[in-house]
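Asker: One structure, as structure tokens, below. Some questions next.
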Amino acid sequence: MNRLKDKVAIVTGASSGIGRAIAVHYAKEGAKVVVADLHEGRNHGGFEDTASATTVEEIEKSGGTAFFTTCDVTSQQQVADLVGIAVRRFGTLDVIVNNAGIYRSGKLVHEFDEEDLDACWDVNLKGTWFGCQEAIKVFLGKGGGTIVNIVSTAGLGGHPKQSVYNISKGAVSSLTKCVAIEYGRDGIRANGICPTYAKTSMTRGHFDDADYMKAFAESIPLKRWGEVDDISNLAVFLASDESAYIHGALIPVDGGETLCRYSVEDE
Ligand SMILES: NC(=O)c1ccc[n+]([C@@H]2O[C@H](COP(=O)([O-])OP(=O)(O)OC[C@H]3O[C@@H](n4cnc5c(N)ncnc54)[C@H](O)[C@@H]3O)[C@@H](O)[C@H]2O)c1
């Protein structure tokens, strides 16, 4: 408790899944949280325990402080407004978690259409880019801040049949390093979290495919899917002063997936 006491944090895409878990966990650790998303209700098909409560209701139930604001991260103006609202409401900004993201899969490179490419690029890369830009403008004026980008193991290597997603996440990996290189001297830390499959509405389709679900779990060293708290635990650490010398890192939260994938013959 209190590892983020009095810090002000924005979490994008925080109505559902990983962003929601991070927002709730940040508030439990004493942060004042701005929950930003396209809509306040969670996505259908998620695994949240308290599905009927919004993220803000969930936070307030535990005595935390948060408010919701609508934001489409593909719009630079809306992201600028989001940062402005956070600063006006809570007086400052210490942390931004660029989490909002979308996924496209199931096609080879030559089968994806331009809409899939643009959608992944706009939300995953440009949304994170705008979040970094607008937060940096505030952080430069106050002597520092912390950026946590939710990347993916797809941003480190990748998987077949999701190229439009992989390249957008690869770009977010690169952006995270660029920000770390350029702004460390200004007290701005930037790191990326790279989960493999975690149980959220984004991966519900894969999870509900019993063969796929089992095969994936068995193919990685820790033999299970990720949980959103596996990711929020690291997100708390990276936003806290405990990680003060961790900078420009892209950290897998993947049960060892990037180390090794077992094939059936290996078992
Ligand atoms: N779930 C996984 O297995 C997994 C693995 C690796 C990385 N990630 C990444 O984690 C992040 C969160 O994914 P999730 O699994 O929690 O998915 P999710 O679908 O459960 O939640 C994503 C949230 O982002 C919001 N969002 C989408 N587009 C937006 C936009 N334009 N502006 C603002 N908000 C928007 C959605 O409304 C939703 O609430 C994404 O960046 C995703 O790529 C997820």
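The values are calculated or read from the model by the stated rules, or taken from the named source; none is laboratory data. Just so it is clear, the structure is predicted and the values come from calculations on it, not from any experiment. Glycine gets a Cβ as well: all are built from the backbone with ideal geometry, and neighbour counts include every protein chain shown.
Asker: Go over the candidates Phe67, Phe112 one by one and state the one that is more than 10 Å from the ligand (Cβ to nearest atom) and in a strand (DSSP E or B).
Answerer: Checking each option against the conditions leaves just Phe67.
Asker: Has segment 116-136 got at least one residue that is within 14 Å of the ligand (Cβ to nearest atom) and in contact (Cβ under 8 Å) with a residue 60 or more places away in the chain?
Answerer: So far as segment 116-136 goes, yes, one or more of its residues are within 14 Å of the ligand (Cβ to nearest atom) and in contact (Cβ under 8 Å) with a residue 60 or more places away in the chain.
Asker: Moving on to the next point. Working only within segment 88-144, note down all residues that are over 19 Å from Asp6 (Cα atoms) and charged (D, E, K, R).
Answerer: Arg104, Lys107, Glu111, Asp113, Glu114, Glu115, Asp116, Asp118, Asp122, Lys126, Glu134, Lys137
Asker: For Ala217, work out the one condition from (1) within 16 Å of the ligand (Cβ to nearest atom); (2) within 29 Å of Ala119 (Cα to Cα); (3) touching a residue at least 12 places away in the same chain (Cβ under 8 Å) it doesn't fulfil.
Answerer: Failed condition: (3).
Asker: A further question on this structure: Any idea which of Asp122, Asp118, Asp186 is surrounded by 16 or more Cβ atoms within 10 Å (Cβ to Cβ) and either of a type outside the set (Val, Ile, Thr) or under 23 Å from Ile18 (Cα atoms) (or both)?
Answerer: Asp122
Asker: Among the listed residues Gly84, Gly91, Gly143, Gly63, identify the single one that is loosely packed, with under 15 Cβ neighbours inside 10 Å, over 26 Å from Arg204 (Cβ atoms) and touching an Asp or Glu at 6+ places or on another chain (Cβ under 8 Å).
Answerer: Just a single option satisfies the conditions, and that option is Gly143.
Asker: Just to be sure I understand, how many residues within segment 4-63 are within 14 Å of the ligand (Cβ to nearest atom), in a helix (DSSP H, G or I) and farther than 25 Å from Arg88 by Cβ?
Answerer: Residues in segment 4-63 being within 14 Å of the ligand (Cβ to nearest atom), in a helix (DSSP H, G or I) and farther than 25 Å from Arg88 by Cβ: 3 in total.
Asker: Further, regarding this structure: So if I check each of Ala249, Ala244, which one is under 27 Å from Arg185 (Cα atoms), surrounded by 15 or more Cβ atoms within 10 Å (Cβ to Cβ) and either touching a Ser or Thr at 6+ places or on another chain (Cβ under 7 Å) or at pLDDT 95 or above (or both)?
Answerer: Step by step, each of Ala249, Ala244 is checked, and only Ala249 is under 27 Å from Arg185 (Cα atoms), surrounded by 15 or more Cβ atoms within 10 Å (Cβ to Cβ) and either touching a Ser or Thr at 6+ places or on another chain (Cβ under 7 Å) or at pLDDT 95 or above (or both).
Asker: Check Val236, Val164, Val179, Val228 and return the single one that is among the hydrophobic types (A, V, I, L, M, F, W, C), near the ligand (Cβ under 10 Å from one of its atoms) and under 25 Å from Val97 (Cα atoms).
Answerer: Val228
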